[in-house]
Each structure stands twice: as structure tokens, then as C-alpha cells.
Amino acid sequence: MTLDMRAQVSLKAFNSFGIDVRAQLFAQARNDADVREALAYAAVQQLPLLVIGGGSNLLLTRDIAALVLRMATRGIRVLQDDGSQVVVEAEAGEAWHPFVLWTLEQGFSGLENLSLIPGTVGAAPMQNIGAYGVEIKDVFVGLTALDRQTGELRDFNLAECNFGYRDSLFKHEVGRWLILRVRFALSRVAHLKLDYGPVQQRLAEQGITQATPSDVSRAICSIRREKLPDPAQLGNAGSFFKNPLVSPALAAELKGLYPDLVAYPQADGQMKLAAGWLIDKAGWKGFRDGDAGVHSLQALVLVNYGAATGEEIADLAQRIQQDIAQRFKVELEMEPNRY
Ligand code: FAD
Ligand code: NAP
């Protein structure tokens, strides 16, 4: 047995909300053999197994009666290179943002808009991470996952992952697939996506007219550092709610009542409303109850000022959901994974 398992470990340092709950058992997987050993041990002990990466999309509301396995596998490799297109594979435990920076240093573009997202490569497909008009599905080639039911390895291609808005097959088949490594198709020829106003504005402010992928990455990092709380300073899990998709009729009705409503038409005819705008409009921005609060600069981010429990964050979220439903007839869906 090589896996170092410890009992009754605080998970405070392993979730970006900084919630202090305990794992019955805790271990870090550094290779596939560690993963298999953890699964076998959990099966023999009849203990659930919870896989985590960086803990940046979790809301932990109680002690976890499970073996918590943190993915710490490492490795990045170029699998194919035809001179213009490359396929890069990274192990699940690689930290996302350093991986993005590595691709940019190699001259590979495609991931620049996803700069400074916390977490790991292995968790990125879970909710098809997205920012500034790019989602990983746009550059995704495939992944290898372990089927926890059969112990077999399975390769998934793009279509098989059922990626949607902050959604995937893996979010629905909870606990079945343990993602080991992910493959991305990147390009030496940049095809920049600069639709989002703040990115264009930041580049213009910097006098950049012919942006490179690294320029875009730096611009996005600077915007994010200004707007989003750093989990090392103030506990949070990024956006707490997904942006709701509503009918054009409801969006038009709300636009009549609130001319400054932020709404974007979607390819399927629905309208995407900015959840942060709704929460701000309802007066929640900067709200604080004990140590649970709504960030003062970004209403979509719930924060832990220090000693909030997961239940207190969840209670605050529920109050916001009820208020938004009453005011705007819009249901807000929580984004982080609750345990
Ligand atoms: P965790 O929180 O550890 O886990 C998330 C879920 O995935 C859990 O259900 C866990 O069980 C499961 N999981 C983790 N690893 C694996 C694996 N290898 N195999 C199977 N299941 C696994 N998200 C965005 O989409 N866009 C953003 O712009 C963005 N910005 C953020 C900014 C901040 C400040 C913060 C705190 C969060 C932000 N997020 C954003 C949310 C979060 O960073 C991402 O969802 C990230 O991919 C989560 O990665 P993680 O490794 O921390 O996952
Ligand atoms: P923002 O620029 O204030 O915009 C508010 C919302 O409007 C965003 O959520 C975005 O939706 C939408 N939007 C803005 N411009 C758009 C356009 N040109 N086309 C379509 N939709 C547009 O947003 P923000 O809060 O600062 O976040 C910036 C980006 O980072 C967003 O893409 C956001 O999703 C991402 N982000 C995600 C998290 C997370 O935890 N999930 C945390 C921080 C930031 P989308 O969210 O659908 O892009």
C-alpha cells in the first residue's frame, strides 16, 4: 500500500470557500495506481469515495463521511503536432491556470480566454468551464476516465461528453466517472474570440490593436483580479448561480419593467439573463449576515468572511433564490457542487 491515508482531516485548506468540515479519510492521488488503490480500499471498507481537485467549485455543508481523494497527478504532453494544430494531453491533477500559461508559452492558442480560472484540468470537463465567450468544449478532443462501477478505462470524445452551458454528462452521472486525463486541440495560428466588451476595452486601454493570445490572457487576468475576490483572501467559489435561460417573452416583459436588464440571445432562441444583474438589482450586493455574504463588487459571488458554515452559505443562497423568483419570476440554479 503506497497511498498515504489520514483520518479526520480538515478540508478547510482544500476548498476555496474555506469551510471547515472534516473528511473521515483523506488521501492524494499522484498516479493511476493511487486512484485504483483508493477505489479498492473504499470498496472493501464500504466507504463512499469523493474525488476533488482544487475544491474551487464545492459547497461543503457537513463533515464528509467518505474517503476524500484529491487528484494530484501531474504530466503534460504533446500527442500530435502537424505544424499548425496540436493535441495536448494533461493529467487531471494539473492546476488549470498554470496549464493555460504553459500552452501559451509553447505558442498554442485556444485556452487564453479561460485564464485564471482556479481548479484542476480533471474538473474542467465537469461543468464545461467557460469564460469570456469560450468553453472547453470549443477546444476539447477527448478524455480518459475510469468507470468506478467496472474499474475499466473509457475514452470519451466530444459528442459523448454532452457538454452544455456549465454542464456535462459527468455532472449527471455523479460518482461514476473519475476523469484521469484530458486532451485539447490547440492551434499555432490564433483565432481570438474578443466578443466580450470588457476584454476589448482593456486591450484598447493598453493600446493593443493586434492582440496575441498572451495579450488576451493578460487582459483577462487583470480584469479578473480587479473584479473577483481571491479565495486566498476571501473564501468563495466564483459564480454561485448559473446565468438563467428564459423565454424571449419573459425577457421582453422584464425589459419593459427594467430597461437596463442585461440579456443575451442564445442560438436556441432562449435569452440568457445575467444572474449578477438580477441579484444586484434586488439589492443584495454587499449584503452580509454573520460571516456569509454577497461580494461588494460582484453580486454573483457569495463569500465567506471567515467562519461561515456551508449551511449558512446555503441558507443565504436560498434567500436570494426566493427573492429573485418573487421579483423577476426567474429560478436561479446553484453552480457549485454541494456535499
Ligand atoms: P472541485 O471543486 O474540486 O470539484 C468540482 C466537482 O468536480 C466536484 O463534484 C468533484 O467531485 C468533481 N471532480 C473534481 N475532479 C474530478 C475528476 N478528476 N474526476 C471526476 N470528478 C472530479 N468556473 C468557470 O466555469 N468559469 C470561470 O470563469 C470560473 N471562475 C472562477 C473564479 C473563482 C474565483 C472561483 C473560486 C471559481 C471559479 N470557477 C469558474 C469555478 C471553478 O474554478 C471551476 O468549476 C473549476 O473547474 C473547478 O475545479 P476544481 O479542481 O477546483 O474542482
Ligand atoms: P460580465 O462581464 O459582468 O457579464 C455579465 C454576464 O453577461 C456574464 O456572466 C456573461 O455570461 C454575460 N455576457 C457578457 N458579455 C457577453 C457577450 N458579449 N455575449 C454573451 N454573454 C455575455 O461577467 P463577469 O461576472 O465579470 O464574468 C466574466 C466572464 O468570466 C463570464 O464569461 C463568466 O461566466 C466568467 N466567470 C465565471 C465564474 C464562475 O465561477 N463560473 C466566475 C467568474 C467569472 P457568461 O457567464 O455566460 O459568459
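The values are calculated or read from the model by the stated rules, or taken from the named source; none is laboratory data. Here the structure is a predicted model, which is why all the values come from computation and not from measurement. We place every Cβ from the backbone using ideal geometry, glycine too, and count neighbours over all the protein chains shown. Quick note on the areas: whole protein, heavy atoms, side chains included, nothing else; ligands and nucleic acids left out. Shrake-Rupley method; radii C 1.70, N 1.55, O 1.52, S 1.80 Å.
Structure data summary
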{"read-out": "Heavy-atom accessible surface of the chain: percent carbon and sulfur, 1.4 Å", "value": "49 percent"}
{"read-out": "Computed helical MRE - 222 nm, the chain, DSSP H runs ≥ 4 contributing -39500 (n - 2.57), nearest 500", "value": "-8000 deg cm²/dmol"}
{"read-out": "Bridge type composition, the chain - antiparallel percent by DSSP, nearest 5", "value": "80 percent"}
{"read-out": "Exposure of Arg181 as accessible area (Å², to 10), given a probe of 1.4 Å and all protein chains", "value": "40 Å²"}
{"read-out": "Residue among Gly235, Ile320, Gly283 farthest towards the positive dipole end of region 224-339, charges placed on Cβ", "value": "Gly283"}
{"read-out": "GluC sites (Glu not before Pro) within region 129-162, DSSP loop, no more than 11 other Cβ atoms inside 10 Å", "value": "Glu152"}
{"read-out": "Three semi-axes of the equivalent ellipsoid, region 96-160, Cα gyration tensor, whole Å, largest first", "value": "24, 12, 12"}
{"read-out": "Rounded if a/c under 1.5, otherwise prolate or oblate - region 258-316, Cα gyration tensor axes", "value": "prolate"}
{"read-out": "For region 188-266: rounded, prolate or oblate by the Cα gyration tensor [a/c cutoff 1.5]", "value": "oblate"}
{"read-out": "Cross-link partners of Lys12 among lysines (Cα-Cα below 26 Å; sequence separation of 8 or more within a chain)", "value": "Lys171, Lys227, Lys242, Lys285"}
{"read-out": "Dimensions in Å of region 197-317 - Rg and Dmax from alpha carbons", "value": "17.0, 48"}
{"read-out": "Helical segments meeting 24 Å axial Cα length and Kyte-Doolittle -1.0 threshold in the chain (DSSP H)", "value": "310-328"}
{"read-out": "Kirkwood-type radius of the chain, with distances r between different C-alpha atoms, in Å", "value": "21.2 Å"}
{"read-out": "Accessible area in square angstrom per residue, the chain, 1.4 angstrom probe", "value": "46 Å²"}
{"read-out": "Alpha carbon centroid spacing (whole Å) that separates region 280-339 from region 86-132", "value": "28 Å"}
{"read-out": "Mean-position separation - Cα centroids, region 228-266 and region 1-49, in angstrom", "value": "35 Å"}
{"read-out": "Proportion of all alpha-carbon pairs of region 5-71 beyond 17 Å (%)", "value": "34 percent"}
